[in-house]
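*Asks:* Pasting in a structure now, in structure tokens, and then I'll have a few things to ask.
The values are calculated or read from the model by the stated rules, or taken from the named source; none is laboratory data. Keep in mind the model is a prediction, meaning the values are calculated, not measured. Cβ placement follows ideal geometry from the backbone for every residue including glycine, while neighbour counts extend to all protein chains displayed.
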Amino acid sequence: MKTNNLVRESKKHKLNLIRGLSSAIVIFLIFLTLGAFVYSAVEKWDYLDSLYFTVITVTTVGYGDFFPQTPVGKIFTMFFSFFGIAMAFYFFSIIGKYVFRKAFEKKLKEHHEKLIEHIKSHVNKNSFPKKK
């Protein structure tokens with residue numbers, strides 16, 4: 001009975017993790033898209049350059065080849081950077097959590113299978129002869 005509850009809880013946790021990952025991806029992409037639209041409108045950059053700048057900004061790479069020239073663009077960048085970098089860290093931590101969980105579950109399953117094989121071989125070697 002406890003095993004069924006553990007399996008059910010594990011599936012529920014995995015589903016919540018996938019939902020969180022999906023939500024983080026969608027929100028992050030929307031944030032990048034909106035930022036690119038704002039930079040395109042305010043700075044008069046083409047959309048690809050604006051998207052490039054938003055990605056470079058939130059990932060803190062900052063090559064320096066693009067930077068806002070207008071006062072509105074500079075003010076927007078201050079707020080966009082603050083929230084964008086926080087959102088990028090959250091996004092990447094969710095991805096890391098998902099990848100770590102998958103790797104941990106794989107290792108746990110391998111360990112569990114080895115343990116079962118060890119127990120089976122031990123029981124077979126040490127079992128008493130059956131009485132007739």
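*Asks:* Note down all Cβ pairs under 7 Å where the first residue falls in segment 77-89 and is more than 15 Å from VAL55 (Cβ to Cβ), the second is modelled with pLDDT under 95 and surrounded by 14 or more Cβ atoms within 10 Å (Cβ to Cβ), and they're at least six residues apart or on different chains.
*Replies:* none
*Asks:* Let me ask you something else. Mind counting the residues in segment 27-60 that are of a type in the set (A, V, I, L, M) and under 15 Å from SER93 (Cα atoms)?
*Replies:* 2
*Asks:* Could you list all residues from segment 31-48 that are assigned to a loop (DSSP other than H, G, I, E, B) and of a type in the set (Phe, Trp, Tyr)?
*Replies:* Residue satisfying the conditions is TRP45 alone.
*Asks:* I'd like to check something: does segment 21-28 contain any residue that is within 24 Å of the chain's Cα centre (by Cα), surrounded by 11 or more Cβ atoms within 10 Å (Cβ to Cβ), modelled with pLDDT of 75 or more and aromatic (Phe, Trp, Tyr)?
*Replies:* Among the residues of segment 21-28, at least one is within 24 Å of the chain's Cα centre (by Cα), surrounded by 11 or more Cβ atoms within 10 Å (Cβ to Cβ), modelled with pLDDT of 75 or more and aromatic (Phe, Trp, Tyr), which makes the answer yes.
*Asks:* Can you tell me which residue within segment 76-97, out of those that are within 15 Å of GLY35 (Cβ to Cβ) and hydroxyl-bearing (Ser, Thr, Tyr), is surrounded by the fewest Cβ atoms within 10 Å (Cβ to Cβ)?
*Replies:* Of everything passing the filter in segment 76-97, SER81 is surrounded by the fewest Cβ atoms within 10 Å (Cβ to Cβ).
*Asks:* Residues in segment 55-78: is at least one of a type in the set (Lys, Arg), at pLDDT 85 or above and over 30 Å from LEU17 (Cβ atoms)?
*Replies:* Among the residues of segment 55-78, at least one is of a type in the set (Lys, Arg), at pLDDT 85 or above and over 30 Å from LEU17 (Cβ atoms), which makes the answer yes.
*Asks:* Out of everything in segment 49-75 that is in a helix (DSSP H, G or I) and over 25 Å from the mean Cα position of the chain (by Cα), what residue ends up being surrounded by the most Cβ atoms within 10 Å (Cβ to Cβ)?
*Replies:* Applying the filter and picking the extreme gives GLY73.
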